[in-house]
Amino acid sequence: MMDRTLKSLSLLLSYPTSELQAAMPAIGAVLAADPRLPAATRQGLVDLADRLAAGDIYDVQEAYVMLFDRSRTLSLNLFEHVHGESRDRGGAMVSLLETYRDGGFDPITSELPDHLPVLLEFVSTRPFAEAQDILADAAHIFDVIRTRLGRRESDYAPVFGALIHLSGATADTDAVAEMLAQPDDDPTDLEALDAVWEEAEVTFGPDPGAGCPQVRDMLAAMDGPTPLNRSA
């Protein structure tokens with residue numbers, strides 16, 4: 001059974017499209033109704049969904065790119081925060097892809113396997129106790145990104161607060177402090193950022209030009225019942 005809240009959080013963190021814009025009222029309603037989340041977090045998620053629904057599509061897309069695509073310290077590719085560009089990252093990516101396939105999940109997307117919206121789509125299909133274990137492993141990364149988004153007064157910050165809460169974990173304060181000691185990227189320094197990101201393209205899964213039907217499937221599945229999964 002699908003966890004509609006985790007699926008909705010995946011959609012909130014996906015690149016904004018007109019299709020997603022149209023679905024934002026339904027996404028916000030799912031998040032507003034989940035009693036597992038604190039009231040203040042639910043309100044923050046609804047506010048984000050409302051902004052994404054009402055904003056000019058080009059403005060919300062530009063804001064998304066400036067936050068998550070042009071800043072390594074806010075990257076939604078989780079292994080970027082752990083392994084950087086070391087060889088360990090490739091091995092971790094292959095292992096994660098095998099985990100997906102062992103769970104009957106074969107992501108059809110141009111994104112890397114560690115892209116957070118892809119991971120959240122996967123855990124939305126797993127028993128909640130298993131989903132919590134996976135989210136708990138990344139709790140320190142969520143805490144760092146939430147803090148950095150808070151510094152920028154971004155309304156995406158509550159998404160990471162929700163993920164920390166759903167993980168049931170307390171982030172490793174030493175790991176968080178070490179990561180936060182690194183300076184944030186300046187997303188307006190495009191020349192410097194281009195130099196940092198310049199690297200060989202790595203492709204996983206199907207042809208990146210084939211599009212991303214997962215969003216379409218996820219939106220269609222939103223009509224299903226809300227699961228009441230709880231950890232034991």
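Residue check: S110 meets all listed conditions (1) touching a strand residue (DSSP E or B) at 6+ places or on another chain (Cβ under 7 Å); (2) farther than 19 Å from S154 by Cβ but one, namely (1).
In the list E80, E62, E19, which residue meets the criterion of being acidic (D, E), closer than 24 Å to V144 by Cα and surrounded by fewer than 14 Cβ atoms within 10 Å (Cβ to Cβ)? Being acidic (D, E), closer than 24 Å to V144 by Cα and surrounded by fewer than 14 Cβ atoms within 10 Å (Cβ to Cβ) holds for just one of E80, E62, E19, which is E62.
Within the stretch 1-55, the only residue that satisfies the criterion of being in contact with a helix residue (DSSP H, G or I) (Cβ under 9 Å, 6 or more places away or on another chain) and modelled with pLDDT under 95 is M2. Looking across the stretch 104-125, the residues that are without any contact (Cβ under 8 Å) to a residue 40 or more places away in the chain, within 16 Å of D3 (Cβ to Cβ) and either assigned to a loop (DSSP other than H, G, I, E, B) or out of contact with any helix residue (DSSP H, G or I) (no Cβ under 6 Å at 6 or more places or on another chain) (or both) come down to G104, F105.
To keep it simple, each residue is scored yes or no on (1) of a type in the set (A, V, I, L, M); (2) in a helix (DSSP H, G or I); (3) within 16 Å of G161 (Cα to Cα); (4) in contact with a His (Cβ under 9 Å, 6 or more places away or on another chain).
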{"site": "L31", "(1), (2), (3), (4)": "yes, yes, yes, no"}
{"site": "D34", "(1), (2), (3), (4)": "no, no, yes, no"}
{"site": "Q43", "(1), (2), (3), (4)": "no, yes, yes, no"}
{"site": "V46", "(1), (2), (3), (4)": "yes, yes, yes, no"}
{"site": "A49", "(1), (2), (3), (4)": "yes, yes, yes, no"}
{"site": "D59", "(1), (2), (3), (4)": "no, yes, no, no"}
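Scanning the stretch 126-138 for residues that are free of Cβ contacts under 8 Å to residues at least 40 places away in the same chain and in contact with a Leu (Cβ under 8 Å, 6 or more places away or on another chain) yields I134, L135.
The values are calculated or read from the model by the stated rules, or taken from the named source; none is laboratory data. Source: prediction; values computed, not measured. With ideal geometry, Cβ positions are generated from the backbone for all residues, glycine too; neighbour counts draw on all protein chains shown.
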